[in-house]
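Peer 1: Quick one: the structure is below, questions incoming.
Taken together, the values in this text are just the output of simple stated rules run on the coordinates, not laboratory data. Given the structure is predicted, the values throughout are model-derived calculations rather than measurements. Here the Cβ positions follow ideal geometry from the backbone for every residue, glycine too, while neighbour counts run over all protein chains shown.
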Amino acid sequence: MTILSTNKSQVLTLGANASSSSTAIQSLNIQIMSQVGCHIAIGDSPTATTSTAYIPAGVVTPRIAIGMGQRVNVLNATATANAKVSIFY
């Protein structure tokens with residue numbers, strides 16, 4: 001699978017069982033890759049929970065359509081500290 005761009009990305013560092021939000025993303029498509037299993041939510045003020053979409057560790061998602069300026073919130077679903085989640089756009 002081809003990643004959209006490596007020129008524009010954000011990396012979130014998550015604590016164990018913690019969440020973090022990206023800054024506003026100026027794109028209509030994103031892809032996400034995580035070192036650990038995580039849950040994601042996308043929106044103007046998103047909150048990821050154990051009920052939102054799940055991404056397994058090491059998987060690059062297909063392109064996800066988002067609204068211009070929206071954010072991604074990621075919840076680390078593991079006890080692994082300092083896990084990194086990359087958002088490509």
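Peer 1: Can you compute the FRET efficiency between Asn7 and Ala81 using 1/(1 + (r/R0)^6), with r the Cβ-Cβ distance and R0 = 30 Å? Round to the nearest 0.05. Kindly include the intermediate steps, with their values, before the conclusion.
Peer 2: On the way: r = 29 Å, r/R0 = 0.96.
Taking R0 as 30 Å, the efficiency between Asn7 and Ala81 is 0.55.
Peer 1: Once phi is turned into ³J(HN,Hα) by the Karplus curve 6.51 cos²θ - 1.76 cosθ + 1.60 with θ = phi - 60°, what whole-Hz value does each residue of region 45-61 show in order, with x for glycine and proline?
Peer 2: My calculation for region 45-61 gives 9, x, 9, 7, 9, 5, 9, 8, 3, 10, 10, x, 4, x, 9, 9, 5 Hz in order.
Peer 1: Separate question: Taking Cα centroids, how far is region 45-67 from region 70-89 in Å?
Peer 2: Here the answer is 9 Å between Cα centres.
Peer 1: Same structure again: Regarding region 35-84, what are the three Cα extents along the principal axes, ordered largest first, in Å?
Peer 2: 31, 21, 20
Peer 1: Next question, about the same structure. For the chain, compute Rg over Rh where Rg is the Cα radius of gyration and Rh is the Kirkwood radius from the inverse mean 1/r over Cα pairs.
Peer 2: Numbers: Rg = 11.7 Å, Rh = 12.6 Å.
My calculation puts Rg/Rh at 0.92.
Peer 1: Something else now. Could you give the nm distance between label points at Val59 and Ser21, where each point is 7 Å from its Cα heading toward the beta carbon?
Peer 2: It is 2.5 nm.
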